[in-house]
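Engineer: Sharing a structure with you now.
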Amino acid sequence: MQNRQNYISLLCGNRGVGKTTYILDIIKYHPKKVLIYDLDDNDKYHQFQLITPELLPRWKSGIKRIISPDTDVVLNTISEHVNNAFLIFEDATKYIESDPPKFVKQLVLASKQRNLDILFTFHTYRSMPPKLFSWADVLQVFKTGENIDLFKSKIPRFEDVALAHAQVEAHSSKYFNKTVRLR
């Protein structure tokens, strides 16, 4: 039986702070099939086989990645056909704006019924939609260099996030990060 957590997770950090390495470590131990949507064709994901949106309805196992500029088609196909999986939306800033697309909302709100864990990565708090914060269970805090007080109104459990942010920013390692439960 698969471990059912069905977490909606956010990961926030600048370029070069270890976000992709962190994700690769999570993937190693994840019991579900894994799908990475990566518009930039990050070379750290080249070890995983490419899949096209058309093949998603028949995808049964393994770690796959999608590289496609047609975000609406990708998100719609994932929303219609992917269950029992860990979905990673790499650099979601490029396709999830202030109001997440309906396909993202459908995935998030049905994540328990569809046995989905979902991870959205962003480079800044500024680019993270308030709705995603309200839906998320966990925030992984990496260095951003931002003044987090500017985002107090959109971040749940702000005091906990601000404390983690301060600890991460003050740490000598650029790869140091902290996890904050948002619910």
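We did not get these values from a lab; they are worked out from the coordinates using the rules stated. Note that the coordinates shown come from a computational prediction; the quantities given were computed from them, not determined experimentally. Glycine also receives a Cβ, built like all others from the backbone with ideal geometry; neighbour counts cover every protein chain displayed.
Engineer: Restricting to region 31-50, name every residue that is assigned to a loop (DSSP other than H, G, I, E, B), in contact with a strand residue (DSSP E or B) (Cβ under 7 Å, 6 or more places away or on another chain) and surrounded by fewer than 18 Cβ atoms within 10 Å (Cβ to Cβ).
Structural biologist: Quick first cut of region 31-50, residues assigned to a loop (DSSP other than H, G, I, E, B) only: 31-32, 38-42, 46-48.
Retained after the next criterion (residues that are in contact with a strand residue (DSSP E or B) (Cβ under 7 Å, 6 or more places away or on another chain)): 32, 38, 48.
Listed by number, the list holds a single entry, PHE48.
Engineer: Another question, then. I'm told LEU55 meets every condition in (1) free of Cβ contacts under 8 Å to residues at least 12 places away in the same chain; (2) in a loop (DSSP other than H, G, I, E, B) except one. Can you identify the failing condition by its number?
Structural biologist: (2)
Engineer: A further question follows. Which one of these is surrounded by 15 or more Cβ atoms within 10 Å (Cβ to Cβ), touching a strand residue (DSSP E or B) at 6+ places or on another chain (Cβ under 8 Å) and hydroxyl-bearing (Ser, Thr, Tyr): THR144, THR124? Walk me through how you get there before you give the answer.
Structural biologist: Working: THR124 fails: surrounded by 15 or more Cβ atoms within 10 Å (Cβ to Cβ).
Matching residue, one of THR144, THR124: THR144.
Engineer: Would it be correct to say that THR52 is more than 18 Å from ASP117 (Cβ to Cβ) and under 17 Å from the mean Cα position of the chain (by Cα)?
Structural biologist: Values: more than 18 Å from ASP117 (Cβ to Cβ): yes; under 17 Å from the mean Cα position of the chain (by Cα): no.
No.
Engineer: Being assigned to a helix (DSSP H, G or I), surrounded by 15 or more Cβ atoms within 10 Å (Cβ to Cβ) and touching a Phe, Trp or Tyr at 6+ places or on another chain (Cβ under 6 Å) is the requirement here; does THR20 meet it? It would help to see each step written out before you state the result.
Structural biologist: Working: assigned to a helix (DSSP H, G or I): yes; surrounded by 15 or more Cβ atoms within 10 Å (Cβ to Cβ): yes; touching a Phe, Trp or Tyr at 6+ places or on another chain (Cβ under 6 Å): no.
It is false that THR20 is assigned to a helix (DSSP H, G or I), surrounded by 15 or more Cβ atoms within 10 Å (Cβ to Cβ) and touching a Phe, Trp or Tyr at 6+ places or on another chain (Cβ under 6 Å).
Engineer: Give region 65-83 a look and list any residue that's out of contact with any Lys or Arg (no Cβ under 6 Å at 6 or more places or on another chain) and under 22 Å from GLN113 (Cβ atoms), or say none.
Structural biologist: So the first thing to find is which residues in region 65-83 are out of contact with any Lys or Arg (no Cβ under 6 Å at 6 or more places or on another chain), and the list is 65-82.
Result: VAL74, LEU75, ASN76, THR77, ILE78, SER79, GLU80, HIS81, VAL82.
Engineer: Do we have any residue at all in region 2-14 that's of a type in the set (D, E, K, R) and exposed (fewer than 11 other Cβ atoms within 10 Å of the Cβ)? Talk me through it step by step, then tell me what you get.
Structural biologist: Looking only at region 2-14, we keep the residues that are of a type in the set (D, E, K, R), and these are 4.
Adding the requirement that they be exposed (fewer than 11 other Cβ atoms within 10 Å of the Cβ) leaves none.
Within region 2-14 (the criterion being of a type in the set (D, E, K, R) and exposed (fewer than 11 other Cβ atoms within 10 Å of the Cβ)), the answer is no, since none of the residues qualifies.
Engineer: Among residues belonging to region 118-145 that are of a type in the set (D, E, K, R) and in contact with a helix residue (DSSP H, G or I) (Cβ under 8 Å, 6 or more places away or on another chain), point out the one that is nearest to ARG183 (Cα to Cα). Give the steps one after another, and end with the answer.
Structural biologist: Just the residues of region 118-145 that are of a type in the set (D, E, K, R), to begin with: 126, 131, 137, 143.
Then drop every residue that is not in contact with a helix residue (DSSP H, G or I) (Cβ under 8 Å, 6 or more places away or on another chain), which leaves 126, 131, 143.
Working: ARG126: 21, LYS131: 14, LYS143: 22 Å.
Per the stated criteria, the residue is LYS131.
Engineer: Same structure, new question: Scan region 158-183 residue by residue and report those that are in contact with a strand residue (DSSP E or B) (Cβ under 7 Å, 6 or more places away or on another chain) and either loosely packed, with under 15 Cβ neighbours inside 10 Å or acidic (Asp, Glu) (or both).
Structural biologist: First, pick out the residues of region 158-183 that are in contact with a strand residue (DSSP E or B) (Cβ under 7 Å, 6 or more places away or on another chain): 160-161, 164-165, 167-168, 177-182.
ASP160, GLN167, THR179, ARG181, listed by residue number.
Engineer: Right, another one. Just for helices (runs of 4 or more DSSP H) wholly inside region 87-183: which have at least 1 residues that are under 15 Å from the mean Cα position of the chain (by Cα)?
Structural biologist: On the way: elements: 102-109, 130-135, 158-170.
Because the criterion is at least 1 residues that are under 15 Å from the mean Cα position of the chain (by Cα), the helices (runs of 4 or more DSSP H) in region 87-183 that meet it are 102-109, 130-135.
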